[in-house]
1. Work out from phi, with θ = phi - 60° and the Karplus expression 6.51 cos²θ - 1.76 cosθ + 1.60, the ³J(HN,Hα) of each residue of the stretch 32-41, listed in order in whole Hz, and give x for Gly and Pro.
2. Please give the length that would be gained between Leu248 and Glu335 if that part of the chain were fully extended, namely 0.36 nm times their separation in residues minus their C-alpha to C-alpha distance (nm, one decimal).
3. List every residue whose amide H lies under 5 Å from the amide H of Asn240, counting only residues 5 or more places away in sequence or on a different chain, with H placed 1.01 Å from N in the peptide plane.
4. Loop only per DSSP, at most 14 neighbouring Cβ atoms within 10 Å: give me the GluC sites (Glu not before Pro) in the stretch 86-133, ordered by residue number.
5. Describe numerically, in nm with one decimal, the distance between label points set 7 Å from Cα along Cα→Cβ at Asp317 and at Ala211.
6. Give me a comma-separated list of calculated 3J(HN,Hα) values for the stretch 296-310, in order, Karplus coefficients 6.51, -1.76, 1.60 applied at θ = phi - 60°, integers in Hz, x for any Gly or Pro.
7. When the label point is put 7 Å from the Cα of Ile342 along its Cα-to-beta-carbon vector, which residues of the stretch 242-257 have a backbone N closer than 14 Å?
8. For an R0 of 56 angstrom, estimate the FRET efficiency from the Cβ-Cβ distance between Tyr56 and Leu262 and round to the nearest 0.05.
Amino acid sequence: MRPRVALLAAAILAMPARALAAEEPNRVAFRLEYTPRPGCMDREGFEIVLRSEFGYAVVQDDARALVRVEVKRNGATLEAHVSARDESGVERWPAVIPTPLDCRELMQDAAYSIALNLGKWELQKQPTPEWLLRRPLAEVGVPPPSPPPRAFVALVSPAPSWVRRPLFAQVPVSEPAERAQTHAMRFEFGLAGFIAPHGLPAVGFGGGIFAALRWPRFSLAAEGRGMTSLVGDAGGLPINAVMWLGILAPCFETRIRLSFCLLGSAGRVYYTRDSRDTPVDTRAFTAMVGVRVGYSWQPIEHLTVRPFVDGLLPLYDGPFEVRQRGTLLSKVSIEPLLAFGIMLAFDGS
């Protein structure tokens, strides 16, 4: 009788230890080697995305496996070169992940592909490869061979944006990662400077401020712009102009970072002239439409540099007229406006 009581007591005492062990499963874990390059996600942000994809903190300093991520440029395309190695340094899974978009999207794709190929083994009804476990398995007999990683699935350029992240039906994306994929809108604000060699009485120059809502392929920006021209000749009279415009610009961005925008603007033009002449009106309303072609370059994270070319065609322009004793001496209108400039856009999200 006493031996049975002793065994029962030992089982009861062992239950907390077993429960504690169950609360800390030997999940997939790896050390991470990742050095951010300008314009990419920093290490802390990348670890957060990995955590959302795996569903737990997968990056552990005492893990046996090692995942190395290196971002390289291949022509105009950025690529994430990923390598997973076991504790002996043997490469078990290599992958090259390209992107037609910015580096932030590339690192999200990299985290998704790492989770797809190195995690979710329980959903596949497969045992986790032993080399990916944080601690080695207890040796009981001969352990079964670890299954190899599944076939790598990633973007194959030039695939359309809606198939950028292929899904295995039996491996659903975690809820935080799914929300991150659908919530792709970003807010931007910034400054612009430009020179206008044509359209004003003489060469013009100016600047502006803007704010934009940006998606991976589409953006909508509102800009306030001011410009002035040097003194030019209009019918033998020295004259210059100051222009204030409000611009609305819906844009589409291509895979090679070129953007094409439609421009609509409205504003006022203020003329100055020789005080000996008498103008009918020194200010006039103007409305213009046009196009913009730009290029996006991201030297560092949260900053995008966009050189651009604008072409604006006046739809309505109250001309500046100079009359003396009822006689029209000069008449000046805004001509098709050409501008070359550069924007500095800051990510406000």
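Derivation of every value follows stated rules applied to the coordinates shown; laboratory data play no part. Small disclaimer: the values here were computed from a predicted structure and weren't measured. Here Cβ is always computed from backbone atoms with ideal geometry, including for glycine, and neighbour counts include all displayed protein chains.
1. So the J values, rounded to whole Hz, are 10, 10, 8, 10, x, 9, x, x, 9, 5.
2. Gain on stretching Leu248 to Glu335: 29.3 nm.
3. For Asn240, whose amide H was placed from the backbone, the distant partners under 5 Å are Gly232, Thr272.
4. Values: sites: Glu87, Glu91, Glu105, Glu122, Glu130; in loops: Glu87, Glu122.
Listed in order of number, the matching sites are Glu87, Glu122.
5. Taking the simple label geometry, Asp317 and Ala211 are separated by 3.1 nm.
6. Values per residue, Gly and Pro as x: 9, 10, 10, x, 9, 5, 6, 10, 10, 9, 10, x, 8, 10, 10 Hz.
7. Output list for this probe position: empty.
8. Details: r = 46 Å, r/R0 = 0.83.
Efficiency at R0 = 56 Å is approximately 0.75.
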